[in-house]
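Contents: one structure, followed by commentary.
The values are calculated or read from the model by the stated rules, or taken from the named source; none is laboratory data. Because the structure is a prediction, the values reported are computed rather than measured. FYI the Cβ positions are ideal-geometry reconstructions off the backbone, even for glycines, and counts take in every protein chain you see. Surface areas here come from the heavy atoms of the whole protein model, side chains and all, with no ligands, DNA or RNA. Shrake-Rupley method; radii C 1.70, N 1.55, O 1.52, S 1.80 Å.
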Amino acid sequence: MLLSITSTTADATILGYLLHKHPDRVRSVDVGFGRAHVFYQEASPERCTATLMVEVDPISLSRKRNSRNTQNLEPYVNDRPYAASSMLSVAIGRLFGTAMSGTCDTHPELVDQKMDLELELPVVPVRGGEDVLRRLFEPLGYSVDCTPIALDPQFQSWGDSNYFALTLSGSHTVQRALAHLFVLLPVLDDRKHYWIGEDEIDKLMRRGGDWLPNHPESEFITRRYLRFGALTREALARLADGAEDSDQADAELDEAEAKVERPLSLNQQRLDAVTDAVVAMGGGRVVDLGCGEGRLLERLVAESSVSSVLGVDVSIAALERAERRLRLDEMSERRRERVTLAQGALTYVDDRIVGHDVATVVEVIEHIDLERLDVFARVLFGHAAPAAVIVTTPNSEYNVHFEKLGPSAMRHGDHRFEWTRSDFKQWALSVSEDYGYVPEFSSIGPDDPTTGPPTQMAVFRRGQEAV
Ligand code: SAH
């Protein structure tokens, strides 16, 4: 994976000060998925080229990746070692982090100086082709020179691949040009990768804050950037290739869970129970957090006491399915006004979910890492603070009754935990105390005398005595 940065501005070697990398030296660092090196191909007063080369170690990548889907060769044979992807962004962050933050102790006056720069990337995967390349870089003032790379030069009839040789030329500060690449390389690639660092929204704001808001494609960029950022469900520094189609994998997991629970038509019973609880509370403005493909939303819009529903999910694919299920495009204007879908992660403060009467969180908390649950509670009970919250989650004690489920297995491959009744109660009581709510517990599905029901529900009311 290669990136060359060339300056042709007079005194071109000042590039070395700005990048904090001396033209006479090679600098190498470990980046988790391999090693990254910076060296200079050329350093004259007229022209100075610094090259960042990243050696990706596909074997270590494959070891770090998710345990599922490891039986094929794909983790070992893929484009990651040479195609400029989000991993190149990670390397830019590691090796040019000081330059990107606009620090240059020796020559602070250079930081804001625009230079004639050429950014050269021999292999860039681009979903959407040349059009996307131009839409992203031309508004930023680059001239874009791109050549598609043939799938196989020996078989011209196979046509071109999705990879381009790309050269961007423009007059920018070094800091700004690096930030452009840092944000836009993963947007071009548009595949799910794991990142160092958790807080993708903060990162996007830090690197894009001063140019992204004015970019005509800011929405497209943000959507693609955060798609995998917010979806990052792996632990810190689990940098790995997400070659499998994550949506496909999620759909398969959902299907497997449905199969386990199907004999009880549990899903139906859950939707009934939650809809009844919303109506019993008088309906009003309802937000469904982790709405998935919108099954509950569909039920709620049909209730006359529900004045509006907002469905929030982190998965764009799920929201697209919800849009189709609800047939938003065919709805009458009046009904349409009552339904909104929004992409969002429940572990970030979000003003869009403030001001609701009821929040529903159906089979979602078990998808959140345990160590993020406190943040989720703060966002929901502390910040959004609706009058009532309805939460459902599996009761792990009941799992022994599922024939298709192995011992100590969970119902869904993406579940981070499944709680016993007492685990759930303990959590519910503690958040209630912290945020001034009163919980009431109930069962969904057959209530077995020993194990309890398959699904447990809590209805939290803000600032009231227990019923
Ligand atoms: N409530 C729906 C879907 C449950 S599946 C139903 O009962 O049918 C869990 C859903 O939570 C998925 O759609 C997943 O994308 C979403 N999700 C998981 N973690 C999330 C998070 N941190 N923020 C927002 N949504 C999340």
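Summing Lys, Arg as +1 and Asp, Glu as -1, what charge do residues with Cβ under 11 Å from the Cβ of residue 147 carry, residue 147 excluded? So the surrounding residues net to -3. Distance between the C-alpha centres of region 209-228 and region 338-383: 23 Å, rounded to the whole angstrom.
Here the spin labels are modelled as points 7 Å beyond Cα on the Cα-Cβ line, and at residue 400 and residue 372 they lie 3.3 nm apart. Packing-based ranking of 386-395, 121-130, 353-362 yields 386-395, 353-362, 121-130, ordered from highest to lowest mean Cβ neighbour count within 10 Å. First compute the accessible area of region 264-462 with a 1.4 Å probe, then give the percent of it belonging to carbon and sulfur atoms. Accessible surface attributable to carbon and sulfur in region 264-462 totals 46 percent. With Cα atoms defining each centre, region 283-336 and region 112-154 are spaced 39 Å apart in the structure.
How do 445-456, 205-216 rank on mean C-beta neighbours within 10 Å, highest first? Each step should come with its number before you reach the end.
Details: 445-456: 17.2, 205-216: 15.2.
Final packing ranking: 445-456, 205-216.
In order along region 279-284, the Karplus-derived 3J(HN,Hα) couplings, from 6.51 cos²θ - 1.76 cosθ + 1.60 at θ = phi - 60°, round to 5, 4, 8, x, x, x Hz, and Gly and Pro are given as x. For region 264-462, with the dipole built from +1 on Lys and Arg beta-carbon atoms and -1 on Asp and Glu ones, taken about the Cα centre, which of 431, 307, 410 lies farthest toward the positive end? Farthest towards the positive pole: 307.
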